[in-house]
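First comes the structure, then the notes that go with it.
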Number of protein chains: 2
Amino acid sequence: MNFDYFTPTKVVFGKGAEAKTGELVKEQGGHKVLIHYGSGSVVRTGLLDKICHSLEEAGISYVLLGGVVPNPRLSKVREGICLCREEKVDFLLAVGGGSVIDSTKAIGYGLANEGDVWDFYDRKRQAAGCTPLGAVLTIAAAGSEMSDSSVITNEDGWIKRGYSSNYCRCRFAVMDPELTYTLPDYQTQSGCVDIMMHTMERYFNLSDNMELTDGISEALIRTVMKNAIILKQNPSDYNARAEVMWASSLSHNGLTGCGTGGGDWASHQIEHELGGMFDVAHGAGLAAIWGSWARYVYPEHPERFARFAKQIFDLEERADMQELALAGIEKMEDCYRSMGMPTNLKELGIEPTEAQMHEMAEKCCFFGQRTVGVIKKLTAEDVEKIYRMARG
Amino acid sequence: MNFDYFTPTKVVFGKGAEAKTGELVKEQGGHKVLIHYGSGSVVRTGLLDKICHSLEEAGISYVLLGGVVPNPRLSKVREGICLCREEKVDFLLAVGGGSVIDSTKAIGYGLANEGDVWDFYDRKRQAAGCTPLGAVLTIAAAGSEMSDSSVITNEDGWIKRGYSSNYCRCRFAVMDPELTYTLPDYQTQSGCVDIMMHTMERYFNLSDNMELTDGISEALIRTVMKNAIILKQNPSDYNARAEVMWASSLSHNGLTGCGTGGGDWASHQIEHELGGMFDVAHGAGLAAIWGSWARYVYPEHPERFARFAKQIFDLEERADMQELALAGIEKMEDCYRSMGMPTNLKELGIEPTEAQMHEMAEKCCFFGQRTVGVIKKLTAEDVEKIYRMARG
């Protein structure tokens, strides 16, 4: 399959890398920077001070805007756009994880384009640019630091929507694995699920995959599985944090999708509705949904699930390919359990009503305007069935 | 190990991708283009016409400069710089393989900097920029289309030297696997060796590698080995050509070196002298040298060679790690033989005299100014021994 590959983000990876932030902004020609962040943790750990200091040393002025929450909100994006216009900001710096970076990308779209920024997420029109941005990563999960995508939640109707374009790719990403030591285990594991799922979504597709892409994807999934368990025992294992952090970027920068024709992405779409309505952690939501999705669709393309079972879990060839495919799905759910991740909605801590499941399924398929997934093109009816299967 | 990763090249991969060349140059703001190429094959196949047509359609004017040879020459680079200054060229387009792209990069350095371009290759000073360039790839081998390096041969003394900087990374790379169908088998296989070696040079090092990088590297080496043999039988196998072409880029864009601390590179340095003195095909030269290098250095770090044996050739663990390491080296030489590649200098077609081996070893180590390699830091005396071992 033909493909484009474009990952212009300059990665500066390693211990103490955050000290180079000022220099990196200067290299990009930034004069007035918005430092965008989430909760108080970047304040408490002293990271924000370090970043401010690094900018000051490079002679760059800045304004601060914190308060980004998981499933980042449109209202905060609008606040950021206003502030940046007032302050004549010309470079955006995200200090945080995927939510902060996504919020920063949305601010960048808003600044560089006329009209309402939600239009892009609502698929009303295309952006013609984005104010340049960089990231100092503190959570390994979303891969937003190298990806072309951002996901924003509109509180008006709690609609969670993604928008992708090359314009919003970070100019640089500063990645110091030590910055992720203090993450609570649930968030670490949820991040690891998100990382694996970014590759698994691409892995499950109907095309003849490229062997090289398959090999890279399988190495990535195995590496993250193994290191997630190491981090359960020892959250300050530098090597494990480094493996997971680098995997987070490679998993979503396009590398694991080269030649695959795009991937399935149904689990992400189905989870987005959970995130929009119940505000659950994205990775945990994916773990809770994936098994039900896989059981629902694997008969459509058992070969791919059978390869997954063999390559990821070293399961032996069986006479019945469907049986092997199913065994692989069970192994993956075992893996999620050993990471302390939910494999159904009850374990995720939510019990949606019949009406809510119906509403989420309809929203997911844009009220009949689209199907989701490629292994099986799922209608709202299919999606509703998957929510039911996942109830637990 | 800390690392930087920067691969800004926009890849457009697939059948017919060359038709997008004009559009890509326009996107980069090019007005007057130098089309740089090698032998008549791009003329005979009609590729040059297609490229010219694509530029014309995009309203971009151009001048042509062909005649780049393998182990590209400094004289041609100087000719290119002159021509570009006269013609006020603002964008460089390489149509060919690594030699053409490297020659184009050197022209770019010459245009963007005052003084003699050889200074950079001769390590006298650093470049401060490079005229922007793009590539239409016709040979999968050198990986120059995404790499930061270029290698030029100075006919005055037949000195072959590389110079690396991010300035010379291609803005875009057009990769149509069909363009490589007509390559003679020897060149195809030589290219495959070069691709594997770009990853193997990085793989053999003294640091605790990143697991993810190891996994990716091993997937890449296995993929190229397998598809090289497929291409021996069927040079027009699209999938095999695509796997090899994409591997060529990933092998040398930095991906397989992330967190490894740099790699060994002695085989490349030792081969460069062969290329400079005898003008052999680079990949074939690497195949002819690698086994002797490996036998000479493996006792310094048998663990790494043992892992290579297990992961690449599925060899079983043995009580004696040295024995396993050596078995892996033998397997690799078998692989080269099955590709029709030489495993010593006689098979490569050259029989250097004692004096020539001494001269190459001295040149390789800059007459005592440096050692080469990291698994074992090789002096001129070591290098001379390796040439002797490789004589066959």
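Any idea which residue in region A:1-20 is nearest to the other protein chains (Cβ to nearest Cβ), counting only those that are over 23 Å from the mean Cα position of the chain (by Cα) and farther than 21 Å from A:V244 by Cα?
Kept after step one, since they are over 23 Å from the mean Cα position of the chain (by Cα), are these residues of region A:1-20: A:1-2, A:15-16, A:19-20.
Subset that is farther than 21 Å from A:V244 by Cα: A:1-2, A:19-20.
Details: A:M1: 7, A:N2: 3, A:A19: 12, A:K20: 10 Å.
Per the criteria, the residue is A:N2.
Find the helices (runs of 4 or more DSSP H) located wholly in region A:283-392 whose residues include 2 or more that are in contact (Cβ under 8 Å) with a residue 60 or more places away in the chain and out of contact with any Leu (no Cβ under 9 Å at 6 or more places or on another chain), and list them.
Correct list: A:302-313, A:321-338, A:354-364, A:380-389.
If B:G157 meets every condition in (1) open to solvent by 10 Å² or more (accessible area, probe 1.4 Å); (2) more than 29 Å from B:T199 (Cα to Cα); (3) at pLDDT 95 or above; (4) not acidic (D, E) apart from one, which number is that one?
Exception for B:G157: condition (3).
Across region B:9-60, what is the number of residues that are of a type in the set (S, T, Y), open to solvent by 60 Å² or more (accessible area, probe 1.4 Å) and either within 20 Å of B:E79 (Cα to Cα) or at pLDDT 95 or above (or both)?
Step one: of region B:9-60, the residues of a type in the set (S, T, Y) are B:9, B:21, B:37, B:39, B:41, B:45, B:54.
If we keep only those that are open to solvent by 60 Å² or more (accessible area, probe 1.4 Å) as well, we get B:39, B:45.
Okay, now just the ones that are also either within 20 Å of B:E79 (Cα to Cα) or at pLDDT 95 or above (or both), so B:39.
The number of residues fulfilling the criteria is 1.
Restricting the search to region A:156-184, which residues are β-branched (V, I, T) and closer than 23 Å to B:M210 by Cβ? Before you say what the answer is, go through the steps one by one.
Keep residues of region A:156-184 that are β-branched (V, I, T), which gives A:159, A:174, A:180, A:182.
Selection gives A:V174, A:T180, A:T182.
Which ones in region A:229-245 are open to solvent by 50 Å² or more (accessible area, probe 1.4 Å) and charged (D, E, K, R)? Before you say what the answer is, go through the steps one by one.
Step one: of region A:229-245, the residues open to solvent by 50 Å² or more (accessible area, probe 1.4 Å) are A:229-230, A:232-236, A:239.
Passing the criteria: only A:K232.
Suppose we keep only residues that are within 11 Å of chain B (Cβ to nearest Cβ) and in contact (Cβ under 8 Å) with a residue 12 or more places away in the chain within region A:227-238. Which one would you say is farthest from B:E211 (Cα to Cα)?
Restricting attention to region A:227-238, the residues satisfying the condition of being within 11 Å of chain B (Cβ to nearest Cβ) are A:227, A:230, A:238.
Keeping just the survivors that are in contact (Cβ under 8 Å) with a residue 12 or more places away in the chain gives A:227, A:238.
Working: A:N227: 10, A:Y238: 13 Å.
Once the filter is applied, the top-ranked residue is A:Y238.
For A:M277, state whether it is assigned to a helix (DSSP H, G or I), more than 12 Å from chain B (Cβ to nearest Cβ), open to solvent by 10 Å² or more (accessible area, probe 1.4 Å) and on the phi < 0 side of the Ramachandran plot. Give the steps one after another, and end with the answer.
Values: assigned to a helix (DSSP H, G or I): yes; more than 12 Å from chain B (Cβ to nearest Cβ): yes; open to solvent by 10 Å² or more (accessible area, probe 1.4 Å): yes; on the phi < 0 side of the Ramachandran plot: yes.
Judged against the criteria, A:M277 is a match.
Can you find, within region B:163-218, the residue that is farthest from the other protein chains (Cβ to nearest Cβ) among those that are open to solvent by 10 Å² or more (accessible area, probe 1.4 Å) and aliphatic (A, V, I, L, M)?
This residue is B:L183.
A:L286 - would you say it is among the aliphatic types (A, V, I, L, M) and more than 20 Å from A:K226 (Cα to Cα)? Steps first, please.
Numbers: among the aliphatic types (A, V, I, L, M): yes; more than 20 Å from A:K226 (Cα to Cα): no.
Here the answer is no, as A:L286 does not meet what is asked.
Looking only at region B:239-265, which residues are at the interface with chain A (Cβ under 8 Å from one of its Cβ atoms) and within 18 Å of A:G254 (Cβ to Cβ)?
The first filter runs over region B:239-265 and keeps only residues at the interface with chain A (Cβ under 8 Å from one of its Cβ atoms), leaving B:239, B:242-243, B:246-247, B:250, B:255, B:258-259.
Within region B:239-265, B:A242, B:E243, B:W246, B:A247, B:L250, B:L255, B:C258 meet the criteria.
Looking at (1) open to solvent by less than 20 Å² (accessible area, probe 1.4 Å); (2) in contact with a Pro (Cβ under 7 Å, 6 or more places away or on another chain), which is the only condition A:Q322 fails?
(1)
Which residue, of A:V43, A:V69, A:V25, is more than 14 Å from chain B (Cβ to nearest Cβ), assigned to a helix (DSSP H, G or I) and either among the charged types (D, E, K, R) or out of contact with any strand residue (DSSP E or B) (no Cβ under 7 Å at 6 or more places or on another chain) (or both)? Lay out the reasoning, then the answer.
Values: A:V69 fails: assigned to a helix (DSSP H, G or I); A:V25 fails: either among the charged types (D, E, K, R) or out of contact with any strand residue (DSSP E or B) (no Cβ under 7 Å at 6 or more places or on another chain) (or both).
Selected residue: A:V43, the only one of A:V43, A:V69, A:V25 that is more than 14 Å from chain B (Cβ to nearest Cβ), assigned to a helix (DSSP H, G or I) and either among the charged types (D, E, K, R) or out of contact with any strand residue (DSSP E or B) (no Cβ under 7 Å at 6 or more places or on another chain) (or both).
The values are calculated or read from the model by the stated rules, or taken from the named source; none is laboratory data. The shown structure was predicted, so the numbers you read here are calculated from the model rather than taken from an experiment. Using ideal geometry, Cβ is built from the backbone for each residue, glycine included, and neighbour counts are taken over all protein chains shown. Keep in mind that these areas ignore ligands, DNA and RNA; they rest on the heavy atoms of the full protein, side chains included. Shrake-Rupley method; radii C 1.70, N 1.55, O 1.52, S 1.80 Å.
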